[in-house]
Amino acid sequence: MEKTEIKERLKDLPSIDETLKSEEGRKWISLYPRRFVLKAVRKHIEDLRSAIIKGESTALDAASVSRGIECLITGYITPSLRAVINATGVVLHTNLGRAPLSEAALKSVVEISKGYSNLEYNLKEGKRGKRYAHLRELIKEITGAADATVVNNNAAAVLLALSSLAKGKEVIVSRGELVEIGGSFRVPDVMAQSGAVLREVGTTNKTHLRDYERAIGPETGLILKVHQSNYKITGFTSEVSVQELVALGANHNIPVMFDLGSGCLLDLRAHGVGTEPVVKEVVATGVDLVTFSGDKLLGGPQAGIAAGKPDIIEQMNQNPLARALRIDKMTLAALQATLFAYADEERAAKEIPTVRMLLEKPESIRQRAERLALKINKGNGTAIELIEDFSEAGGGSLPGVSLRTFCCSVRHSAITPNKMEERLRTGNPPVIARIREDALLLDARTIADDEVPVVAERLNEILIRPE
Ligand SMILES: *Cc1c(COP(=O)(O)O)cnc(C)c1O
């Protein structure tokens, strides 16, 4: 483009002031916060100016300019953290907020946090109380442990336990259990942070009781067992059971801790799902301490639960780190309501979304997938199929366990599955789906009943306008 031409085009650019005073501008200001309108107008005009200077073709008619500005405003007023629909079938999707909360948990959060609460107040005695004491009895009841405490998440529970029990001492761990969970929790790194010294024993695939036994010495502070969570060692393997470690620890007067990761409170095995022991059974082995997450198989808010011997729990509560890792009142409220549901297993299986989704029968999932398929517009190049597939528990829980499920498989002659996936993900509300080979899959396991029409509507919008 000629220099003079560029100059001419720059003259055609509307001014910020003109734009704000235009009919559209006044409408935006009446609808949206003024600062976002101003920011969008400035940015769009600036972008147009740069484009003109670079000689790029730009539409400067009023309608195009308005559309560009409105698009920016929409971006500014849309909160970054949003609710999404999980159509991946991964029940505990770490990227999608792990466990959705139960109605009772939500109700409790509202009730406890909209006003004041006895968070740190003992109502009976009329004096200061402890926040973690609220869940102590409930956790004792459910797990059979002699004492319990709660912190911000399971990583915090492990860090606090190691720091309280083994700072400056050695912690014996099998090489097969030095795992990394979700990229930021790595057993050796947490160990280093806690001030404890890692004493690795055995090999990746096989660790024997004698390996632990040989490592015990005057420096030993703790024997730690870690749930392998998101991976499984198969083939020529052996690990030492928690029962054997408890006996070994007792012989040498060394505490034994088991980081369970997921912490299953309801017997999923009885429903044919996985082989995970319930926390109560692990506690019954006499292990000194177990730790587990609040938002994995338990199906509650992000939290870390530590259950074990009273002297150990006391040491953890007294540790200055406990203050930095403490649980907040909203989490406490949600966790309390979630744990309450476990007092009755049938209630837990019905009311806690995570447990309900894990236990839902394929036939019932199929019916929801069918309802979804019926709402999707056929023809016009669209091919819908109901297919049987497998979903995962996710969140490092139940590795290797495949859950039979049903999906709506969607194909369109003019839109690739990748394009469909992207448009579902970037629309409103975002729908996260998975892709297999040449089709988009919507796994009905994690789509709630009331989300079925929303998913169908979002998909129909896309199928009607292939672009
Ligand atoms: C998930 C997991 C953790 C971390 O728990 P968060 O609640 O995510 O902090 C620690 N240890 C094991 C074995 C786990 O599976």
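The values are calculated or read from the model by the stated rules, or taken from the named source; none is laboratory data. For clarity, every value in this text was computed on a predicted model and none was experimentally measured. Cβ placement follows ideal geometry from the backbone for every residue including glycine, while neighbour counts extend to all protein chains displayed.
Odds and ends about this structure:
- Of the criteria (1) surrounded by 15 or more Cβ atoms within 10 Å (Cβ to Cβ); (2) in a loop (DSSP other than H, G, I, E, B); (3) at pLDDT 95 or above, which one Ser113 fails: (2)
- Flag if Ile387 is within 30 Å of Pro79 (Cα to Cα) and in contact with a strand residue (DSSP E or B) (Cβ under 7 Å, 6 or more places away or on another chain): no
- Among strands (runs of 3 or more DSSP E) entirely within the stretch 132-215, having at least 2 residues that are surrounded by fewer than 21 Cβ atoms within 10 Å (Cβ to Cβ) and more than 16 Å from the ligand (Cβ to nearest atom) singles out 197-201.
- Within the stretch 263-314, considering residues that are among the charged types (D, E, K, R) and in a helix (DSSP H, G or I), the one farthest from the chain's Cα centre (by Cα): Asp311
- Subset of the stretch 312-344 that is over 13 Å from Ala161 (Cβ atoms) and acidic (Asp, Glu) - its residue that is modelled with the highest pLDDT: Asp328
- Among the residues making up the stretch 431-467, those that are basic (Lys, Arg) and more than 26 Å from Ile352 (Cβ to Cβ) are Arg436, Arg458, Arg465.
- Verdict on Val90 being surrounded by 14 or more Cβ atoms within 10 Å (Cβ to Cβ), modelled with pLDDT of 95 or more and closer than 18 Å to Pro430 by Cα: yes
- Hits in the stretch 384-437 (condition: at pLDDT below 95 and among the basic types (Lys, Arg)): Arg436
- Leu248, sole failed condition from (1) hydrophobic (A, V, I, L, M, F, W, C); (2) in contact with a Phe, Trp or Tyr (Cβ under 8 Å, 6 or more places away or on another chain); (3) within 11 Å of the ligand (Cβ to nearest atom): (3)
- Qualifying residue in the stretch 262-276 (condition: without any contact (Cβ under 8 Å) to a residue 12 or more places away in the chain, in the same structural domain as Ala157 (by TED's automatic domain parsing) and under 16 Å from Ala307 (Cα atoms)): no
- Breaking point among (1) assigned by TED's automatic domain parsing to the domain that holds Glu141; (2) within 16 Å of the ligand (Cβ to nearest atom), for Gly394: (1)
- Residues satisfying the stated conditions in the stretch 25-57, i.e. exposed (fewer than 12 other Cβ atoms within 10 Å of the Cβ) and within 40 Å of the chain's Cα centre (by Cα): Ser30, Leu31, Arg34, Arg35
- The residue that is surrounded by the most Cβ atoms within 10 Å (Cβ to Cβ), among those in the stretch 316-375 that are in contact (Cβ under 8 Å) with a residue 12 or more places away in the chain and of a type in the set (Lys, Arg), is Arg368.
- Among the candidates Glu451, Glu421, the residue that is more than 27 Å from Leu266 (Cβ to Cβ) and either surrounded by 13 or more Cβ atoms within 10 Å (Cβ to Cβ) or in contact with a Leu (Cβ under 7 Å, 6 or more places away or on another chain) (or both) is uniquely Glu421.
- Meeting the requirement of 3 or more residues that are of a type in the set (Lys, Arg), the helices (runs of 4 or more DSSP H) wholly within the stretch 329-432 are 362-375, 417-426.
- Here the condition is being farther than 21 Å from Gly249 by Cβ, out of contact with any Cys (no Cβ under 9 Å at 6 or more places or on another chain) and among the hydroxyl-bearing types (Ser, Thr, Tyr); of Ser164, Ser174, Ser184, it holds for Ser184 alone.
- Restricting Arg347, Arg368, Arg404 to those that are away from the ligand (no atom under 16 Å from the Cβ), in contact with a helix residue (DSSP H, G or I) (Cβ under 7 Å, 6 or more places away or on another chain) and in the same structural domain as Ile233 (by TED's automatic domain parsing) reduces the list to Arg347.
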